[in-house]
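As structure tokens, the structure follows; a few thoughts come after it.
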Amino acid sequence: MAFVTDAYARRILGWTVSASRHTRALPLVALDQPIGWTARHGDTRGLIRHSDHGAQCINSLYGTHLSEAGILASTGRCACPTRTKKQ
């Protein structure tokens with residue numbers, strides 16, 4: 001299952017689900033729904049897509065797809081135990 005949400009409006013903009021374990025394209029399908037809607041009602045340039053560090057969301061195919069639509073990619077800070085400062 002993959003969702004694209006509007007964090008400000010708190011609503012789901014795109015989603016998809018698959019019974020297959022091969023999910024590489026799943027985030028792309030979910031992303032295409034809001035890209036298509038925005039392209040029909042305005043322009044996707046200047047939009048920012050924020051995500052965690054999930055492997056499917058930061059792969060090169062996904063990044064290329066965002067770039068082609070003019071959407072900027074943003075990821076949160078990694079909260080890995082090895083990267084946090086000890087006090």
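The values are calculated or read from the model by the stated rules, or taken from the named source; none is laboratory data. Predicted model only: the values in this text are computed from it and were never measured. Positions of Cβ are generated from backbone atoms using ideal geometry, with glycine treated the same way; all protein chains shown enter the neighbour counts. Surface areas here come from the heavy atoms of the whole protein model, side chains and all, with no ligands, DNA or RNA. Shrake-Rupley method; radii C 1.70, N 1.55, O 1.52, S 1.80 Å.
Limited to the stretch 6-47, what total is found for residues that are open to solvent by 60 Å² or more (accessible area, probe 1.4 Å) and within 17 Å of ALA69 (Cα to Cα)? Don't jump to the end; show me each part of the working.
Here is the first cut: in the stretch 6-47, the residues open to solvent by 60 Å² or more (accessible area, probe 1.4 Å) are 7-8, 10-13, 15, 17, 19, 21-22, 24, 29, 32-33, 37, 39-41, 43, 45, 47.
Still in the list and also within 17 Å of ALA69 (Cα to Cα): 13, 29, 32-33, 37, 39-41, 43, 45, 47.
Count: 11.
Take the conditions aliphatic (A, V, I, L, M), open to solvent by 50 Å² or more (accessible area, probe 1.4 Å), at pLDDT below 85 and under 13 Å from the mean Cα position of the chain (by Cα) and apply them to LEU66. Does it pass? Taking the combined requirement at face value, the residue does not satisfy it. Against the numbered list (1) charged (D, E, K, R); (2) at pLDDT 80 or above; (3) touching a strand residue (DSSP E or B) at 6+ places or on another chain (Cβ under 8 Å), ARG49 comes up short only at (2). Just wondering, is there one or more residues in the stretch 4-26 that are modelled with pLDDT of 85 or more, at positive phi and out of contact with any Lys or Arg (no Cβ under 8 Å at 6 or more places or on another chain)? Yes: one or more hits.
Scanning the stretch 2-26 for residues that are hydrophobic (A, V, I, L, M, F, W, C) and part of a strand (DSSP E or B) returns ALA2, PHE3, VAL4, ILE12, LEU13, TRP15.
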